[in-house]
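So the structure is just underneath, and the comments pick up after that.
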Amino acid sequence: MDALQPNSAAPALRSHDAVIVGAGFGGLYMLHRLRGLGLSARVFEQGSGVGGTWYWNRYPGARCDVESMQYSYGFSEDLQQDWQWSERYAPQPEILRYANHVADRFDLRRDIQFDTGVTAARFDDASGTWSVSTSDGAETAARYLILATGCLSNARIPDFPGLDDFAGKTYHTGHWPHRTIDFTGQRVGVIGTGSSAIQSIPIIAEQAAHLFVFQRTANFSVPAHNAAISTDYAASWKSDYAARRRRAREETRNGILTVVPDKSAMEDTAEGRRAAYEAGWARGGISFMSSYNDLLLNKEANDTACDFVRGKIAEIVRDPAVARLLQPNDHPIGSKRICVDTDYYATFNRPNVTLVNVRAEPIERILPNGLRAGAKEYALDAIVFATGFDAMTGSVAKIDIHGRDGRTLNQKWVEGPRCHLGLMSAGFPNLFIITGPGSPSVLSNMIVSIEQHVDWITDCIAHMRARGLDRIEPTVAAEDDWVAHVNEVAHRTLYPQANSWYMGANIPGKPRIFMPYIGGVPAYRQICAEIAANDYAGFSLSSARQATPA
Ligand code: NA7
């Protein structure tokens, strides 16, 4: 263990080798790996339990859009053999049970302090340590500060005038109460039609006396065809889990084992495309986007998939005007994360569901008994904000992080996030971000990417300790090159054409930068591995006893 001496000016200072922020899947695995190195680590978690995203997003119908057999840790063979998933797409309570099982199984809780947010962190250049301030008023010193704060954890409610005057109940999907909410007999408004709304609307519609869906932008959604996992299916995975995990990591763009034909949509005939899309629709899930190899590269190819899904919407939704409104027409399919639903479009055939076009008539004001959009007032007992997150940077930005020259990370990132490999930012030594901006993160199976980052960080710290080093930060040149590369690769695809949260476009005033790395999981892993093997080329490594790196 590093001998960290508490700062004499602050006698109450606790010290650890590492502070980890967040006890979601990233923070839990990071703690486990650091313990394996013999380091002391303290995790601060603002929730009262583990699970991160899956702790907060308890809205009706919340479930993962990556199949359960793949959306799970691969680091422990015993764990993956023992755990039994019940459904093809695990519902939120089951994923939360899994996170709790992992915390117990690896005895992680004793190093996690719950109900405690990290508010600020300052790097002391002289000692080469971070001083971390927490919401309980304490300070903790640590050599390493690791942000496992998640990509979608800063829930956001738009600044609607009159919000505080609403007399009914309000909810945000990403901050749902820890009890069952029953909307029976109520007039409910759901604002937003992203993934969270699309999952919750069919269930809320079954309860509510009337449901108003306030849609600004229609979204593409494909059916989940969720079902119980058969014993045979689970057994087939478990018979060669390690090999399948390896193929997912090394051979698929997004860390999810899927068969992608080596074929452009434009090489196929119209009948061939129809058959391929029907097969994707029948299969269900995000693998619909893998019907061809160029759906996110070629607009003409993408248009064929858009037309297919728009056709399905027209088939499902009986009222042609409602169907037209539900048909997305302003972005290529998949350039916003494609949604995966159970009966979403069919819900609009229910007599108690009304779709309101707030693109044409924006929400002007929340009223004590509802809201006003355009010239119309809607009486509501409850409002569900399914309005998304300040994604990828929002949870990092909430912490007042001061680097080695006193500049804050927010000042540095004012025109958009700047990270080398999405892992570290120049000027902020020993600060690691798990699945940070500039890494595949949200474009991949998050757990695959979390494990890769945690393993890289662990290996990096082990490397430094073996050489008597205790300080690392990227060079400005390497970081500039990586940021330019992330941007350049993104613009080879159709992704930047959408006003998505990937682009920061959902937050007024946020810089429009495509934040995740789109080069694919295998290419990214290889780059990270080569950099590590090459003595961390592009990073300055030193010891606190040496001069500050240039
Ligand atoms: P999203 O996908 O960001 O969706 C937020 C929705 O809220 C989206 O339809 C927005 O419309 C809508 N919104 C936001 N602000 C407003 C205002 N002011 N008026 C009307 N409508 C508004 O968040 P989710 O929670 O659904 O999903 C996030 C990710 O979690 C998802 O991609 C999965 O990866 C899991 P807009 O499109 O901006 O017009």
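Checked across the range 387-395, the condition of being over 18 Å from the mean Cα position of the chain (by Cα), on the phi < 0 side of the Ramachandran plot, of a type in the set (Val, Ile, Thr) and surrounded by 18 or more Cβ atoms within 10 Å (Cβ to Cβ) holds for no residue. Take the residues in the range 320-330 that are in a loop (DSSP other than H, G, I, E, B) and either outside the structural domain of residue 309 (by TED's automatic domain parsing) or open to solvent by 10 Å² or more (accessible area, probe 1.4 Å) (or both), then tell me which one is farthest from residue 348 (Cα to Cα). This residue is 330. Among the residues of the range 232-264, write down those that are exposed (fewer than 14 other Cβ atoms within 10 Å of the Cβ) and in a loop (DSSP other than H, G, I, E, B). Within the range 232-264, 240, 259, 261, 262 qualify.
Every test in (1) away from the ligand (no atom under 13 Å from the Cβ); (2) assigned to a helix (DSSP H, G or I); (3) among the small types (Gly, Ala, Ser) is passed by residue 185 save one, and that test is (2). Determine whether the range 526-548 contains at least one residue that is surrounded by fewer than 20 Cβ atoms within 10 Å (Cβ to Cβ), within 16 Å of the ligand (Cβ to nearest atom) and in a loop (DSSP other than H, G, I, E, B). No, the range 526-548 has no match at all. Pairing each residue of the range 9-33 that is under 25 Å from residue 127 (Cβ atoms) and among the hydrophobic types (A, V, I, L, M, F, W, C) with any residue that is assigned to a loop (DSSP other than H, G, I, E, B) and modelled with pLDDT under 95, provided the two are 6+ apart or on different chains, yields C-beta distances under 9 Å for 12/6; 13/6; 13/7. Quick one: in the range 126-151, of everything that is open to solvent by less than 50 Å² (accessible area, probe 1.4 Å) and more than 16 Å from residue 14 (Cα to Cα), which residue is nearest to the ligand (Cβ to nearest atom)? So, considering only residues that are open to solvent by less than 50 Å² (accessible area, probe 1.4 Å) and more than 16 Å from residue 14 (Cα to Cα), the one nearest to the ligand (Cβ to nearest atom) is 151. Among the conditions (1) charged (D, E, K, R); (2) out of contact with any helix residue (DSSP H, G or I) (no Cβ under 9 Å at 6 or more places or on another chain); (3) not in a helix (DSSP H, G or I), the only one that residue 465 does not satisfy is (3). Mind checking which residues of the range 436-456 are part of a helix (DSSP H, G or I), more than 16 Å from the ligand (Cβ to nearest atom) and crowded, with 22+ Cβ neighbours inside 10 Å? Hits for the range 436-456 are 451, 452, 453, 454.
Kindly indicate whether residue 313 is aliphatic (A, V, I, L, M), assigned to a loop (DSSP other than H, G, I, E, B), touching a Phe, Trp or Tyr at 6+ places or on another chain (Cβ under 6 Å) and buried (at least 18 other Cβ atoms within 10 Å of the Cβ). No; evaluated as a whole, the condition is false for this residue. Would a scan of the range 189-198 turn up a residue that is closer than 30 Å to residue 40 by Cα, buried (at least 21 other Cβ atoms within 10 Å of the Cβ) and touching a Ser or Thr at 6+ places or on another chain (Cβ under 8 Å)? Among the residues of the range 189-198, not one is closer than 30 Å to residue 40 by Cα, buried (at least 21 other Cβ atoms within 10 Å of the Cβ) and touching a Ser or Thr at 6+ places or on another chain (Cβ under 8 Å), which makes the answer no.
The values are calculated or read from the model by the stated rules, or taken from the named source; none is laboratory data. Only a predicted model underlies this, so the values are computations on that prediction, with no experimental measurement involved. Note that we place each Cβ from the backbone using ideal geometry, even for glycine, and neighbour counts take in every protein chain shown. Ligands, DNA and RNA are excluded from the accessible area calculation, which covers all protein heavy atoms including side chains. Shrake-Rupley method; radii C 1.70, N 1.55, O 1.52, S 1.80 Å.
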